[in-house]
Structure formats: C-alpha cells, structure tokens
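Engineer: Encoded as structure tokens, here's the structure I'll be asking about.
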Amino acid sequence: MTERSSPSDAVSLYDASVDEARQREALAGGEVPVAVYGLGKMGLPLAAVYAETTGNVTGVDIDPDVVETINSGESHVVGEPGLDELVAEQVGTDRLEATTDGAAAAADARVHVIIVPTLLDENDEPNLATVESVVDDIAAGLEPGDLVIAESTLPPGTCRDVLEPHLQQESGLEADEFGLAFCPERTSSGRALQDIRGAYPKVVGGVDDESTRAATVVYDELSSNEVHPVSDATTAEAVKVFEGLYRDVNIGLANELGRLADELGISVREAIDTANDLPMCQLHDPGPGVGGHCIPYYPHFLLGRTEEPMDLTHTARRVNDGMPRVVVDRLERQLAASGVDLADASVVVLGLTYRPGVEETRASPALDIVDELTERGADVAGVDPLVDPAEYGARPVALEDLEDESDALDAAVVVTPHEGFDRIPWADLEPMVVVDGRDAVDLAGTDHREYTLAGSRSGQPPAPEGAAADATASETLESEAETEATGATRTDGGAGTETGAHDDV
Ligand SMILES: NC(=O)c1ccc[n+]([C@@H]2O[C@H](COP(=O)([O-])OP(=O)(O)OC[C@H]3O[C@@H](n4cnc5c(N)ncnc54)[C@H](O)[C@@H]3O)[C@@H](O)[C@H]2O)c1
Ligand SMILES: CC(=O)N[C@@H]1[C@@H](OP(=O)(O)OP(=O)(O)OC[C@H]2O[C@@H](n3ccc(=O)[nH]c3=O)[C@H](O)[C@@H]2O)O[C@H](CO)[C@@H](O)[C@@H]1O
C-alpha cells in the first residue's frame, strides 16, 4: 500500500531545478498528491488511471452520492469495461479516495486535474461557471511548484485569458510560480480506460514551456502512447475543438447526402460505404441527429466568437440540428401513405440516450423527436434501458412489453439502437410503420412498412418500391426547404430541449 505523502514533503513538478528523473520517481511513488475534479463518465476513469499510476489521488465531486459510491469501492459509471474492477482495486488499496471538499483536496494536492463539464447556456455561449468554481477551489490551495491540468474541453484561449489570471488573482501567486497546461481528453464513452491509458497520442500544451514540460512528465508516466507537446495551451485547446468540429461537419455532410436517398432512389449508405473505399474519402454515417455534450457543443466554442466567418461549421450545425424534424417528416409521410394521420398516431421511440450503451441524454436527437411528435399531436411512447422515458415526455414502455403494446402502436422510430434491441421480435409485433434512423433493423419477411433513413448498407433505398413515390421529389424538396429554414431553431446543442433534468446552464 502506498504511503500517502504529506503535502509538505511532496515533490514539485513545475520546477525545472528538480531533476526530471526524480520527479518521475516521485510521481510514480505516491510522493506527488493528485486531485481530480469531476468524477463523471470521463472523470472517474481518469482518476482511476491516475491512481493506478501514482497511488495518491483524491477525486472531487459536488455530488455526495457519487463520492459515497466511489468511497465504497464502486463505480456509478455504466458501460465502461474494467472500470468497476479498477475503482474497487484503487479504493481498496487506498490509492484513490473521493470527497466533496474541493478546497481541502486542493490544499493537499500538488497536481490538480480539471475534468468537469463545459456546457452551453441558452444563447449557445460556452458556460465556464463549473470550471471557474473548480478553479476557485484549486486557487485556495495552490502552492508554488504546483501543476494545474485542464482536461475539460475549453474554447481556445481560455487557459491564457481566463484560467491563468483567475488562478493568479485568487491564489496570490505569480504566473511563474505555478504551471498550467491544457491536456484534452481523447476519450470516448464505452472505451474510456483504453483511451486514457494510451489509445492515442496525448496532446499537452502549457501556458509556458515549463508547464508543457511538467505536463509531459505526467502523461509520459500515465499513458503508454506518446505525448504530443504543442506550442502552447491555446494550440492544444484548438486541437481538441478542431477534432470535434471535423466530426460535426462531416456528420452534417453525411446527413445532407443521406437526405438525397429518396429522390435518387438509392441507398446513400451503400454509396457512402463504396466511396469510402478510397483512403482520401471518409464520409461519416447519416443518422437522426448528433447528440452528447461533445460534438454538438464544441462548434459553439468558436461559432460567434471569431471575426472570421465560420459558415461551413454553422451550416453543418444547422443540418444536424434539423435531422430530428426530417425524421418526423419522413414518418408522417409513411403513415399518410398507410392512411394514418400522424396527429392520431401512437408512436414508440426506440432509444433516448445519444449513443447506444451510454447513459447520457444531453443533446440527444431522440428528445427532439419526442418533442416534435408530441407537437404534431401523436401519442408518444419510449423504450430505453438506461434512462426513464417519462423524464423526457414519452410514456415508458419496457422492451419486453413491446409485443403486447404493438397492437396499439401505429409506428416505431429507431433512434439509438441499444444492445438489447436486437432481441425485439419484430415478426411477432403487429404490423406498423418503422422508421429506422440507424439502419439497425432488418424487417425483410415481416409485414411492417420499413423506412430506412438514407437507405440500408445492403443497398435498399429508404422505402420499398412505390412507397417513395408517395412523396414526389418536389414535396421532398419543399419539406426539406422548410426544415432548412426552421430546423435550425434549436442551436443550443440540445441543452434546452431536455424536460425534467436540465443542464445547469
Ligand atoms: N463524455 C465524453 O465522451 C467526453 C469525451 C471527451 C471529453 N469530455 C470532456 O470531459 C468533460 C466531462 O465530461 P463527462 O462526460 O465526465 O461529464 P459528466 O456529466 O458525466 O460528469 C461530470 C461530473 O462533474 C461533477 N461536477 C459538476 N460540477 C462540479 C464541480 N464544481 N466540482 C466537482 N465536480 C463537479 C458532476 O457531479 C459529475 O459527476 C466534458 O465536458 C468534456 O469537455 C467528455
Ligand atoms: C475525446 C472525445 O471528445 N471523444 C468524443 C466522443 O464523442 P461522442 O461520445 O460524443 O460520440 P460520437 O461518436 O462523436 O457521436 C456523437 C453523435 O454523433 C452521432 N454520429 C456519430 C458519428 C457518425 O458518423 N454519425 C452520427 O450521426 C452519434 O450517434 C452521436 O449522437 O467519441 C468520439 C469518437 O467516437 C470522438 O470523436 C469525440 O471527440
């Protein structure tokens, strides 16, 4: 068991006068206390890997239930292979503990890691209040030689213009007495431990060279992959935001192409898969929209904050935000072709979280689809193994009750295909319209009327022969134009669409 060093004999990392080999030995030997602020989907795996590496970690979270769960050796984060065992091991050997007292943790720590959410307010402005409240805790306990590491995604320039002055002012230290570096999470829910341990090079960028060097020492020890130092913190912040923008713009392109499937009478998914034979062409997957508090949020860390126009980024946001409405338009058309008016229909939404297996609903397109269906008069039910559909305006239906419920259903919309959904006995369900947003189900041989958004990978256009003809190309274009014009009404990255639990924006 690692003897936890007392703060007074801790080794400083932000200090070029200390032999680097000694710094590495101290870090790995538990002589450098680490505090990790934020113990959520990203923070808990990160704190656990820090504990595995250094043996002396205090995790900080404002949620007492989170803290209590962790101190009992358990993980509150679902769907992360290996995390339950790692938390149990690290807490059980006193290498990791959790607290709600951020100031006390900061007083004892010599490395401070920030991994709390950076969300959007109702005006799409990044909301740094949570980060700044953590910085207040850190500043209260900041000592000369300490290193502050920000892993939460930040608008480029935040470390230089906001965090460093804030830390200086609140701690009374001079800028050259402590280190500050931006070292972004390159981690996806569902594979957090393998990502943190070194799936990708770790980017580090300090507000000065000594901060970059000290952060490189830390991540050289923590990650099995290389560390990629960049010129400064702003460059590192830009790297992270650019990674997200790349994804949002490319998903927007895929969605724009996917919408052409009806009038081209092809499967755009098949065309995309084939075009991607070329290494220089990597089109993304069309879908019912873009969720999570990463990809739909990161563009707003630059949009409206730059002198230069960012029309392409803005347009992609608008296309992606408009997809829930496109999905409901397609459903309405398929129901009409079956003689059912959407306003009189009973529709079940399959999957409310933003990604299969991830307990996160921020900006989930399913929530907008539920809202849009409700607005158009439909009776809306929801199935999701991870969250309660009732919290999002949908009547909860258990997966195993779907067969009994099906005689009262006119349609189903597959938004987020959780693992258990492959057990849905479609052949035994009463015939209905099924809009498949992710090409996740194969209804061949059933009596359902299937519409696969953007067509299927097997080459089937969105609707069976003739069904697409119900909606002439001009109607499609008209409806798309309307969606383009109005689909962008929600540009808050989804934060404002949740009913019930809201982001603290
Ligand atoms: N989720 C992802 O896939 C992902 C991937 C890469 C990067 N990130 C970045 O990591 C950040 C955190 O993401 P997450 O998914 O872990 O969020 P999360 O919502 O799962 O967890 C956030 C945790 O922070 C806690 N918290 C809130 N305010 C706090 C405070 N003042 N002090 C201490 N704890 C506080 C909350 O109680 C919660 O437990 C994101 O904002 C994003 O910038 C997320
Ligand atoms: C380190 C970090 O920040 N990691 C992030 C994390 O992002 P994330 O967890 O938010 O998940 P994403 O996979 O980006 O999905 C977001 C939404 O976009 C939809 N989507 C996606 C791809 C596509 O082709 N078509 C789509 O429609 C999908 O359904 C979902 O709603 O992991 C990604 C790598 O997985 C990283 O790139 C991303 O930086």
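The values are calculated or read from the model by the stated rules, or taken from the named source; none is laboratory data. Because the structure is a prediction, the values reported are computed rather than measured. Note that we place each Cβ from the backbone using ideal geometry, even for glycine, and neighbour counts take in every protein chain shown. These accessible areas exclude ligands, DNA and RNA; they are computed on the full protein's heavy atoms, side chains included. Shrake-Rupley method; radii C 1.70, N 1.55, O 1.52, S 1.80 Å.
Engineer: Along the charge dipole of region 7-231, Cβ charges K/R +1 and D/E -1, which of Val227, Leu39, Gly73 sits furthest on the positive end?
Structural biologist: Positive-most Cα among the choices belongs to Val227.
Engineer: Would you work out the relative contact order for the chain, in percent, from Cα pairs under 8 angstrom that are 6 or more residues apart?
Structural biologist: Working: 1119 pairs, mean separation 64.5, N = 505.
13 percent.
Engineer: Among 136-143, 50-57, what's the highest-first ranking by average C-beta atoms within 10 angstrom per residue? Let's see the in-between values first.
Structural biologist: On the way: 136-143: 20.6, 50-57: 24.4.
Sorting 136-143, 50-57 by mean packing, highest first, produces 50-57, 136-143.
Engineer: Additional query: Using the heavy atoms of the protein chains and a 1.4 angstrom probe, tell me the accessible area per residue for region 155-285 in square angstrom. Intermediate results must be reported in sequence, preceding the final value.
Structural biologist: Details: 5500 Å² over 131 residues.
On a per-residue basis, region 155-285 sits at 42 Å².
Engineer: Here is a further query. How large is ³J(HN,Hα) for each residue in region 134-143, as worked out from phi by the Karplus curve 6.51 cos²θ - 1.76 cosθ + 1.60 (θ = phi - 60°), to whole Hz, x for Gly and Pro?
Structural biologist: 5, 4, 4, 4, 4, 4, 5, x, 6, 10
Engineer: Among Leu302, Ser364, Leu278, whose Cα lies farthest out toward the positive end of the dipole of the chain, if unit charges sit on the beta carbon of Lys, Arg (+1) and Asp, Glu (-1)?
Structural biologist: Of Leu302, Ser364, Leu278, it is Leu278.
Engineer: If we sort 257-270, 157-170 on the protection proxy, mean other Cβ atoms within 10 Å, highest first, what's the order?
Structural biologist: Numbers: 257-270: 21.2, 157-170: 17.8.
The most tightly packed comes first, giving 257-270, 157-170.
Engineer: For the chain, what is the mean residue ellipticity at 222 nm derived from helices alone (per DSSP H run of n ≥ 4: -39500 (n - 2.57); sum divided by total residues; nearest 500 deg cm²/dmol)?
Structural biologist: Numbers: 16 runs with 175 residues, N = 505.
Theoretical 222 nm ellipticity from helices: -10500 deg cm²/dmol.
Engineer: Take each of the peptides 366-377, 192-203, average the number of other beta-carbon atoms within 10 Å over its residues, and list them starting from the highest. Could the numbers behind the result be given before it?
Structural biologist: Details: 366-377: 21.4, 192-203: 18.8.
Result, highest mean Cβ count within 10 Å first: 366-377, 192-203.
Engineer: Could you pull out the GluC sites (Glu not before Pro) across region 195-235 that fall in loop regions by DSSP (anything but H, G, I, E, B) with no more than 16 other Cβ atoms inside 10 Å?
Structural biologist: On the way: sites: Glu210, Glu221, Glu226; in loops: Glu226.
Qualifying residues, ordered by number: Glu226.
Engineer: Put +1 on the Cβ of every Lys and Arg and -1 on every Asp and Glu Cβ in the chain; which of Pro385, Thr54, Thr100 then has its Cα farthest towards the positive end of the dipole?
Structural biologist: Thr54
Engineer: List every residue whose amide H lies under 5 Å from the amide H of Val60, counting only residues 5 or more places away in sequence or on a different chain, with H placed 1.01 Å from N in the peptide plane.
Structural biologist: Distant-sequence amide H within range of Val60: Val36, Tyr37, Gly38, Thr99.
Engineer: For Asp436, list long-range residues whose amide hydrogen, built 1.01 Å from N in the peptide plane, is under 5 Å from its own amide hydrogen.
Structural biologist: Val414, Tyr451, Thr452, Leu453
Engineer: At q = 0.05, 0.06, 0.11, 0.13 Å⁻¹, what base-10 log of I(q)/I(0) does the Debye formula yield for the chain when every alpha carbon is treated as an equal point scatterer in vacuo?
Structural biologist: -0.22, -0.31, -0.93, -1.17
Engineer: Still on this structure: Between His314 and Asp277, what length in nm is gained on full extension when 0.36 nm per residue of separation is reduced by their alpha carbon distance?
Structural biologist: On the way: separation 37, 0.36 × 37 = 13.32 nm, distance 2.87 nm.
Contour length minus Cα-Cα distance gives 10.5 nm.
Engineer: Once a ≥ b ≥ c are taken as the square roots of the eigenvalues of the Cα gyration tensor of region 7-231, is the result rounded (a/c under 1.5), prolate (a/b larger than b/c) or oblate (a/b not larger than b/c)?
Structural biologist: rounded
Engineer: Could you give me the ³J(HN,Hα) list for region 226-231, computed from phi with Karplus coefficients 6.51, -1.76, 1.60 and θ = phi - 60°, whole Hz, x at Gly and Pro?
Structural biologist: 6, 9, 10, x, 10, 4
Engineer: So if I place +1 on the C-beta of Lys and Arg and -1 on the C-beta of Asp and Glu, and nothing else carries charge, what would the dipole magnitude of the chain be about its Cα centre? I want it in debye, nearest 20. Before the final figure, lay out each step's value.
Structural biologist: Numbers: 31 positive and 101 negative charges, 222 e Å.
The dipole magnitude comes to about 1060 debye.
Engineer: For region 249-465, what relative contact order do you get, as a whole percent, if you take Cα pairs closer than 8 Å and at least 6 residues apart?
Structural biologist: On the way: 438 pairs, mean separation 53.5, N = 217.
With pairs under 8 Å counted, the relative contact order is 25 percent.
Engineer: Per the Kirkwood treatment, what hydrodynamic radius in Å, one decimal, follows for region 249-465 from the mean inverse distance over all distinct Cα pairs? Write down the numbers at each step before the final one.
Structural biologist: On the way: mean 1/r = 0.0566 Å⁻¹.
Mean inverse Cα-Cα distance, inverted, gives 17.7 Å.
Engineer: Around Val227, which amide H atoms from residues at least 5 apart in sequence, or from another chain, sit under 5 Å from its own amide H, with H modelled in the peptide plane?
Structural biologist: Those lying under 5 Å, H to H, from Val227 are Lys202.
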